[in-house]
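For reference, the structure discussed in these notes is given below.
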Amino acid sequence: MKSEITKLHQILKFTFGLVPIAAGADKFLNILAQWDAYLSPGMVDMLPFSPSTFMMIVGVIEIVAGIIVLTKTEIGAYIVSAWLLLIALTLIFSGQNLDVAVRDIVMSITAFVLAKLTNVLNRTEG
């Protein structure tokens with residue numbers, strides 16, 4: 001039973017480590033999506049630089065968050081969970097891309113579960 005839980009934990013760990021790294025890197029490449037299209041016009045107007053520059057900054061944050069998940073899983077999972085929830089709330093309040101907002105809420109909850117699962121596994125191993 002414990003080995004199955006450990007395997008599931010590893011799957012979540014690598015998912016929430018590698019996906020943010022890939023999405024962050026794509027903020028520079030725009031292969032998966034045209035990321036600045038997710039910014040509301042009001043937010044774009046408030047930026048002191050171009051939307052693509054903003055998305056590159058976001059990309060760096062996502063890459064760092066993914067690395068933290070891979071190295072310090074519990075804290076990294078909490079960071080990714082909060083990050084995804086903030087993205088979802090931003091989309092909800094903008095009234096745009098609500099389908100993406102719902103997906104990000106589900107992923108936020110799952111990242112939160114990874115953090116809690118990591119804590120439980122660390123307590124049982126230690």
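Observations, loosely collected:
- Once the Cα atoms are used to define both axes, helix 51-71 deviates from the longest principal axis of the chain by about 0 degrees.
- If R0 equals 25 Å, the separation of the Cβ atoms of N119 and S94 corresponds to a calculated FRET efficiency of about 0.15.
- Report note on the peptides 27-35, 86-94, 62-70: ranked by the mean count of other C-beta atoms within 10 Å, highest first, their order is 62-70, 86-94, 27-35.
- Estimated from helices alone, the mean residue ellipticity of the chain at 222 nm is -29000 deg cm²/dmol (sum of -39500 (n - 2.57) over DSSP H runs with n ≥ 4, per residue).
- For the chain, taking Cα atoms only, Rg and Dmax work out to 15.8, 53 Å respectively.
Coordinate-derived values only; no laboratory data. Given the structure is predicted, the values throughout are model-derived calculations rather than measurements. Methodologically, a virtual Cβ is constructed for each residue, glycine included, from the backbone with ideal geometry; neighbour enumeration extends over all protein chains shown.
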